[in-house]
There are 2 protein chains.
Amino acid sequence: MKKHNYSAGPCILPQEVFEKSAQAILNFNNLDLSILEISHRSKDFVTVMEEARALVLELLGLEGKGYQALFLHGGASLEFLMVPYNLMKDNGKAAYLDTGTWASGAIKEAKYFGETVTVASSKAENYTHIPKDFTVPSDADYFHCTSNNTIFGTQMKSFPQLHIPIVCDMSSDIFSRSLDFSKFDLIYAGAQKNMGPAGTTLVVVKEEILGKTGRHIPSMLDYQQHIIKESMYNTPPVFPIYASLLTLQWLKKSGGIPAMEKINEAKAALLYAEIDRNPLFTGTAAKEDRSVMNATFVLNDEKHTETFDKIWKAAGISGLTGHRSVGGYRASMYNALPLESVQVLVEAMKELESSIS
Amino acid sequence: MKKHNYSAGPCILPQEVFEKSAQAILNFNNLDLSILEISHRSKDFVTVMEEARALVLELLGLEGKGYQALFLHGGASLEFLMVPYNLMKDNGKAAYLDTGTWASGAIKEAKYFGETVTVASSKAENYTHIPKDFTVPSDADYFHCTSNNTIFGTQMKSFPQLHIPIVCDMSSDIFSRSLDFSKFDLIYAGAQKNMGPAGTTLVVVKEEILGKTGRHIPSMLDYQQHIIKESMYNTPPVFPIYASLLTLQWLKKSGGIPAMEKINEAKAALLYAEIDRNPLFTGTAAKEDRSVMNATFVLNDEKHTETFDKIWKAAGISGLTGHRSVGGYRASMYNALPLESVQVLVEAMKELESSIS
């Protein structure tokens, strides 16, 4: 029996990605070689890289608009550093919106590069909402935000219109909803939510914003170097990129981002309706900022914890435990999670209600 | 038919690593979940990380000697930058031995951190040998060398005795030969030769050399941060680390480094004997510096290229083409390459000789 996997990331991927990638480890493209043992400069892997980079731009609607897609090492946390290295001028200034743990981590790294203005923060309210009223200094080199906050279950529903580059960490909701991605100048995302397994990071960058800082950038941290080398400055994380390509192919075949958005909204609507209806539970995020990807909720009375945990585990659910910063439960409903899994969770919540009334 | 895979890296891994890792993608540890979809904080993956880190120290004979093993992102190229960030003092000095493309890449990155002295270089001779007579400044913060040069087929057979920390890039020969690893203070290696698939980098560091630079180090580049977080500062490259653990387990079961060294020497002796005997071929590296891992050789008369390429390809050999910097052929004989594959290559070289005489 396959589990209903609510893990916050690394997380569920489409079953066909597991099957095809396992097969490629045994014999890739009928080469009688494993994908793990071929040169990254081989025709077969160069094709994987080219397809993956092109498919990202196609799915985001950014083809022919001056963007480059890169599959890098390091996770989004390395981008916290690469963004100011590449975009903040010597003696420059950057503007950040603080909506949670990851946004705050990005701010911490940027501070060592120059003046880093936090335009707004919901930290004092344990990040239960997204700050709405803020002003971005027009002389900042860029504005940085985090589109979805996995830990706190909040998601930005709109983005400011600015005359400076907009950088967005979309690690936990990229490819999950339709946005005008051309409004962003740099998007980055760790693969391990909607794009693939852990071990690679997607960077989508508008080339024209690069090369303007007057700052020396170490080669491995320089987006321009990675663009020149076609995302193979050094040996790339071959398998994570291949599994990402398989996930992107599944996404395209499934109808692309608009189709995902529709299913994701149906899943979130179903779960939030139960959270709001069921007298035993309360959602922790402000309603207008609720994330379609990660629903955070708590039991109103912790004494039911043991019973509820037994019920959902017996139903084949895994990965529902909330992050220690919030407690309670977190249901991560990434693209590959089927609606059926949400139905099973809703049934488990109802079963708890029946069992104690 | 399985290929005789001479790829320089990513390269051949033990067959059981392919089989077990493919199985883990379908169902890991009988969890009814894929290794690609579980949390890196789950008990099952934390165990993988702990075992892999401990096994590295055990295999290198470094247990209880003040070392930490880390599985990081980024490839060895990121270490080119992390090493000076962590070890070169503000206004400090570092000493580098230039033995090839990767050593030279490491020097390039270090130069931006402070005075970087190249103690010797064989660049003028296209890196066909390892410089032997050099003096390392005693006031340098560290000495950096590259133990094996994949591209040029040379390998350091001895290392200097110094009173400053010794840093060694062992990407292409770690776990292949017995050395007193405690003579090194920091060893790093991209996984994709003897340790696993591409996508993770091993760093083995003596803790006492860290924290002495007076320099601010960005979190993701700070070895001390990675040590504190037990090699999980951020989401690690889960699958590459798991496949590395499987490779390390195979290595231990096969007799550890001493057993590998014996087989590797037998493979290299067999191939170099044929290169020296066969009048059609010449080795490109100085004999005393020949690499046990990568044998580089050329046809004395290029007109035989087409015939020879047909012969080895027909014998099921792949990945034998030399790097563009040297031309000719490169036979990479990493730990997982069986002696039988070298016998097949030697036969192919003999077949060429017969076919034209």
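The values are calculated or read from the model by the stated rules, or taken from the named source; none is laboratory data. Everything quoted here is computed from the prediction, not taken from an experiment. Note: ideal-geometry Cβ built from the backbone for every residue, glycine included; neighbour counts use all protein chains shown. Just so you know, the surface numbers come from the protein's heavy atoms only, side chains and all, with ligands and any DNA or RNA stripped out. Shrake-Rupley method; radii C 1.70, N 1.55, O 1.52, S 1.80 Å.
Of note:
- Residues satisfying the stated conditions in the stretch B:3-37, i.e. touching a residue at least 60 places away in the same chain (Cβ under 8 Å), at the interface with chain A (Cβ under 7 Å from one of its Cβ atoms) and of a type in the set (D, E, K, R): B:Lys3
- Residue check, B:Met349 in contact (Cβ under 8 Å) with a residue 12 or more places away in the chain, more than 18 Å from the chain's Cα centre (by Cα) and surrounded by 15 or more Cβ atoms within 10 Å (Cβ to Cβ): yes
- Any hit, the stretch A:83-96, residues being free of Cβ contacts under 8 Å to residues at least 40 places away in the same chain, within 12 Å of chain B (Cβ to nearest Cβ) and either more than 27 Å from A:Thr154 (Cβ to Cβ) or of a type outside the set (Lys, Arg) (or both): yes
- Among residues that are closer than 15 Å to B:Tyr242 by Cβ and touching a Phe, Trp or Tyr at 6+ places or on another chain (Cβ under 8 Å), B:Ser77 is not included.
- Residue list for the stretch A:73-99, filter: outside any helix (DSSP H, G or I) and either within 14 Å of the chain's Cα centre (by Cα) or not assigned by TED's automatic domain parsing to the domain that holds A:Leu221 (or both): A:Gly75
- Condition check for A:Phe308: open to solvent by less than 60 Å² (accessible area, probe 1.4 Å), not assigned by TED's automatic domain parsing to the domain that holds A:Gln192 and not in a helix (DSSP H, G or I): no
- Applying the condition of being in contact with a Gly (Cβ under 7 Å, 6 or more places away or on another chain) and in a strand (DSSP E or B) to the stretch A:267-295 and asking which residue is nearest to A:Lys132 (Cα to Cα) yields A:Arg290.
- Selection from the stretch B:12-21 of residues that are under 19 Å from the mean Cα position of the chain (by Cα) and crowded, with 20+ Cβ neighbours inside 10 Å: B:Ile12, B:Leu13, B:Val17
- Within the stretch A:202-241, considering residues that are under 23 Å from B:Leu72 (Cα atoms) and of a type in the set (D, E, K, R), the one least open to solvent (accessible area, probe 1.4 Å): A:Asp222
Quick grid of which residues meet (1) open to solvent by less than 10 Å² (accessible area, probe 1.4 Å); (2) in the same structural domain as A:Ser332 (by TED's automatic domain parsing); (3) in a helix (DSSP H, G or I):
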residue: A:Pro10; (1), (2), (3): yes, no, no
residue: A:Gln23; (1), (2), (3): no, no, yes
residue: A:Leu36; (1), (2), (3): yes, no, no
residue: A:Ser39; (1), (2), (3): no, no, no
residue: A:Val46; (1), (2), (3): no, no, yes
residue: A:Glu50; (1), (2), (3): no, no, yes
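- Failed criterion for A:His73 (all others in (1) open to solvent by 20 Å² or more (accessible area, probe 1.4 Å); (2) in contact (Cβ under 8 Å) with a residue 24 or more places away in the chain; (3) of a type outside the set (D, E, K, R) hold): (1)
- Qualifying positions in the stretch B:94-113 - among the small types (Gly, Ala, Ser) and open to solvent by 10 Å² or more (accessible area, probe 1.4 Å): B:Ser104, B:Gly105
- Residue satisfying all of: in the stretch B:120-139; aliphatic (A, V, I, L, M) and over 21 Å from the mean Cα position of the chain (by Cα); farthest from B:Ala295 (Cα to Cα) among these: B:Val136
- The set of residues from the stretch B:206-257 being farther than 21 Å from B:Ile166 by Cα, away from chain A (no Cβ under 11 Å) and of a type in the set (Phe, Trp, Tyr) comprises just one member, B:Trp250.
- Qualifying residue in the stretch A:142-155 (condition: surrounded by fewer than 24 Cβ atoms within 10 Å (Cβ to Cβ) and closer than 23 Å to A:Gly256 by Cα): no
- In the stretch A:254-268, the residues that are under 22 Å from A:Leu57 (Cβ atoms) reach residues that are among the charged types (D, E, K, R) with C-beta atoms within less than 6 angstrom, at least six apart or across chains, in these pairs: A:Glu261/A:Arg177.
- Being in contact (Cβ under 8 Å) with a residue 24 or more places away in the chain and either open to solvent by less than 50 Å² (accessible area, probe 1.4 Å) or over 15 Å from A:Ala336 (Cβ atoms) (or both) is a description that applies to A:Glu274.
- Condition check for B:Glu207: acidic (Asp, Glu), in contact (Cβ under 8 Å) with a residue 40 or more places away in the chain and either assigned by TED's automatic domain parsing to the domain that holds B:Phe71 or closer than 25 Å to A:Ser34 by Cα (or both): yes
- Selection status of B:Ser176, surrounded by fewer than 23 Cβ atoms within 10 Å (Cβ to Cβ), within 30 Å of B:Leu320 (Cβ to Cβ) and outside the structural domain of B:Arg290 (by TED's automatic domain parsing): no
- Residue in the stretch B:311-321 that is within 14 Å of chain A (Cβ to nearest Cβ), surrounded by fewer than 19 Cβ atoms within 10 Å (Cβ to Cβ) and assigned to a loop (DSSP other than H, G, I, E, B) present: yes
- When the stretch A:278-297 is filtered for residues that are open to solvent by less than 10 Å² (accessible area, probe 1.4 Å) and under 15 Å from the mean Cα position of the chain (by Cα), the ones remaining, listed by number, are A:Ser291, A:Met293, A:Asn294, A:Ala295.
- Residue in the stretch B:183-201 that is touching a residue at least 24 places away in the same chain (Cβ under 8 Å), closer than 28 Å to A:Ala106 by Cα and surrounded by fewer than 23 Cβ atoms within 10 Å (Cβ to Cβ) present: no
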